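Structure first, then comments.
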Amino acid sequence: YPFGDDEFDLVISLAALHNLRIFELKTALAEIERIVSEPVSADDLDDNQAFFIGRMPLQLETNEGVAGMLHNIEAYGLGLDYLLRHADLIHALTADDLLAAARKYLHPDRLVIASAGPLVSAGPTNGT
């Protein structure tokens, strides 16, 4: 969630066996690098637009969903007509818009990485 005009915390959570953590981390970092360096494909853009438009009615099927939507509309100043404009706003997004947003908000060089779990040696310890 944004804490200022141009700041927010992005948390990526990876769950992997200890011997896969490095692989999972490298994969996530490579994907972030790709997201900020190349535009999304037309197929991915179409699929995601359909997903975000299609999930809107599902979000409003519960009281919790309605309350969450009302909170977001108010918190982010989306306007009382947001639900009517939502599909048009999503359809108006272009690959260049998404690339610009990724470059503005995702900074792979400023990542903070934390790991939880037992410390596992990279190799045999020879009894030490």
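Quick look at the values:
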read-out: Check on Gly65, within 27 Å of Ser13 (Cα to Cα) and either open to solvent by less than 50 Å² (accessible area, probe 1.4 Å) or part of a helix (DSSP H, G or I) (or both); value: yes
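Residues checked against (1) farther than 15 Å from Leu98 by Cα; (2) aliphatic (A, V, I, L, M):
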residue: Ile35; (1), (2): no, yes
residue: Asp43; (1), (2): no, no
residue: Leu58; (1), (2): yes, yes
residue: Val66; (1), (2): yes, yes
residue: His71; (1), (2): yes, no
residue: Leu78; (1), (2): yes, yes
residue: Ala87; (1), (2): yes, yes
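Table: residues versus (1) at pLDDT 95 or above; (2) polar (S, T, N, Q).
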{"site": "Glu61", "(1), (2)": "yes, no"}
{"site": "Gly65", "(1), (2)": "yes, no"}
{"site": "Leu70", "(1), (2)": "yes, no"}
{"site": "Arg85", "(1), (2)": "yes, no"}
{"site": "Ile90", "(1), (2)": "yes, no"}
{"site": "Leu106", "(1), (2)": "no, no"}
{"site": "Ser115", "(1), (2)": "no, yes"}
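The values are calculated or read from the model by the stated rules, or taken from the named source; none is laboratory data. Here the structure is a predicted model, which means the values were calculated and not measured. Ligands, DNA and RNA are stripped out before the accessible areas are found, and what is left, the full protein with its side chains, is counted by its heavy atoms. Shrake-Rupley method; radii C 1.70, N 1.55, O 1.52, S 1.80 Å.
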